[in-house]
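Just so it is clear, none of the values below were taken in a lab; they were calculated from the coordinates. If you're wondering where the values come from, they're calculated on a predicted model, not measured in any experiment. For neighbour counting, all protein chains shown are included, and Cβ atoms are generated from backbone atoms with ideal geometry for every residue, glycine included.
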Amino acid sequence: MALKTPLIRRRQLGTALSEINVTPFVDVMLVLLIIFMVTAPMMQSGIGIRLPQAETESSPAEEGLTLTITEDKFIHMENSVINQFLLEQKLREYFYGKEKKIVFIRGDENLPFGFVIRILDITKKAGIEQVGIVTRPLEPEEKK
């Protein structure tokens with residue numbers, strides 16, 4: 001009687017893949033980089049308003065608060081929209097404990113004058129010491 005031993009099949013073990021293919025990763029990252037480079041300038045444009053023109057150029061200093069008022073009377077304060085009836089309270093909260101109280105108003109040129117005066121009155125009632133109006137300079141063909 002012969003002893004039969006089962007045949008043991010030995011698999012040939014190939015070399016394991018020890019390196020990660022980085023090329024697809026780099027391709028995806030370059031596409032994302034291009035997308036961010038194209039969209040970043042669009043995101044920094046801010047609130048779309050058309051400032052009134054004046055011969056003297058005025059721009060806000062870095063230490064004051066800037067209120068932006070759009071043509072449809074929305075008041076923007078630090079990336080949030082404020083109701084005009086809550087503006088005085090929000091200004092008091094913002095400037096609580098601050099030494100200098102300066103506000104710059106960027107208003108659309110098509111805003112009614114009475115609405116701008118109402119906002120100026122609210123800022124004065126909130127205890128703001130200085131209020132400035134931001135304008136854009138006259139364009140060369142309009143200077144005469």
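So which chymotrypsin sites (Phe, Trp or Tyr not before Pro) in the range 85-120 end up in coil per DSSP with only 13 or fewer other C-beta atoms within 10 Å? Before the final figure, lay out the partial values.
Details: sites: Phe85, Tyr94, Phe95, Tyr96, Phe104, Phe113, Phe115; in loops: Phe85, Phe95, Tyr96.
For chymotrypsin sites (Phe, Trp or Tyr not before Pro) across the range 85-120 that sit outside H, G, I, E and B with at most 13 neighbouring Cβ atoms in 10 Å, the list reads Phe85, Tyr96.
Distance in nm between label sites at Glu19 and Ile35, each 7 Å beyond Cα in the beta-carbon direction?
In this crude spin-label approximation the distance works out to 2.9 nm.
Calculate the dipole size of the range 53-142 relative to its Cα centre from +1 charges on Lys and Arg beta carbons and -1 charges on Asp and Glu beta carbons; express the result in debye to the nearest 20. Please list the in-between numbers first.
Values: 11 positive and 17 negative charges, 140 e Å.
Charge dipole, the range 53-142, about its Cα centre: 680 debye, nearest 20.
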